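Since the structure comes first, as structure tokens, the remarks are kept for the end.
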Amino acid sequence: MATTPTRPASTDRLSDRELQAWRGMLRAHGALTKALDADLEAAHGIPLSSYEVLVHLATADGERMRMSDLAESVVLSRSGLTRLVDRMERDGLLARASCPSDARGSFAMLTDAGREKLAAARDTHISGVRERFLDRLSDAEQDVLGECWERVVPGGSDAGPDCSG
């Protein structure tokens with residue numbers, strides 16, 4: 001059962017509890033993404049952002065996504081995604097295709113090389129997530145966090161088929 005959070009009367013600063021929760025989430029996110037990024041770079045030569053693109057493409061219908069949908073899924077600006085996709089396309093991990101129903105739109109599509117890179121990197125990523133995050137929490141704590149994240153961003157925890165991301 002969800003409880004209504006109590007808020008201080010003042011809106012000009014966060015309470016100690018609010019600050020601890022907010023800064024804790026930011027520190028945890030920053031430290032974890034930095035460590036997972038370093039793991040993937042060292043072992044597979046790809047950053048975490050490329051890994052996330054590969055995961056999203058691998059789980060999408062036809063292993064392809066509209067660029068706008070992909071940008072939203074990996075939480076990048078369109079220009080940031082364009083630069084990343086350009087790099088990944090040069091590396092042969094994905095290809096672009098025009099959208100038959102919208103001449104201005106394009107798709108990013110997973111290639112065989114991208115599928116192979118994802119398969120090679122998946123164990124490294126999952127091991128890192130477990131070691132640095134999940135193994136430090138009980139099953140009950142993981143359930144509570146999952147419920148909390150769902151309240152903060154509804155639908156944001158939907159993993160889709162075999163996301164493993």
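Whenever a residue of segment 90-109 is in a loop (DSSP other than H, G, I, E, B), its partners that are of a type in the set (D, E, K, R), lying with C-beta atoms within less than 7 angstrom and at least six residues away or across chains, give the pairs Leu93/Lys117. Among the residues making up segment 32-83, none is part of a helix (DSSP H, G or I), under 16 Å from the mean Cα position of the chain (by Cα) and on the phi > 0 side of the Ramachandran plot.
Rundown of residues vs (1) farther than 17 Å from Ser127 by Cβ; (2) exposed (fewer than 13 other Cβ atoms within 10 Å of the Cβ); (3) in contact with a strand residue (DSSP E or B) (Cβ under 6 Å, 6 or more places away or on another chain), yes/no style:
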| position | (1), (2), (3) |
| --- | --- |
| Thr11 | yes, yes, no |
| Ala28 | yes, yes, no |
| Lys34 | no, yes, no |
| Arg64 | yes, no, yes |
| Leu70 | yes, no, yes |
| Gly80 | yes, no, no |
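Quick check: is even one residue across segment 125-143 in contact (Cβ under 8 Å) with a residue 60 or more places away in the chain, among the small types (Gly, Ala, Ser), touching a helix residue (DSSP H, G or I) at 6+ places or on another chain (Cβ under 6 Å) and part of a helix (DSSP H, G or I)? Checked segment 125-143: at least one residue is in contact (Cβ under 8 Å) with a residue 60 or more places away in the chain, among the small types (Gly, Ala, Ser), touching a helix residue (DSSP H, G or I) at 6+ places or on another chain (Cβ under 6 Å) and part of a helix (DSSP H, G or I).
Of the candidates Val53, Val85, Val75, the single residue that is hydrophobic (A, V, I, L, M, F, W, C), buried (at least 17 other Cβ atoms within 10 Å of the Cβ) and modelled with pLDDT under 95 is Val85. Look through segment 110-123, keep the residues that are of a type in the set (Gly, Ala, Ser) and in contact (Cβ under 8 Å) with a residue 60 or more places away in the chain, and return whichever of them is nearest to Leu57 (Cα to Cα). Top of the filtered list is Gly114.
The values are calculated or read from the model by the stated rules, or taken from the named source; none is laboratory data. Keep in mind the model is a prediction, meaning the values are calculated, not measured. Virtual Cβ from ideal backbone geometry, glycine too; neighbours counted across all protein chains shown.
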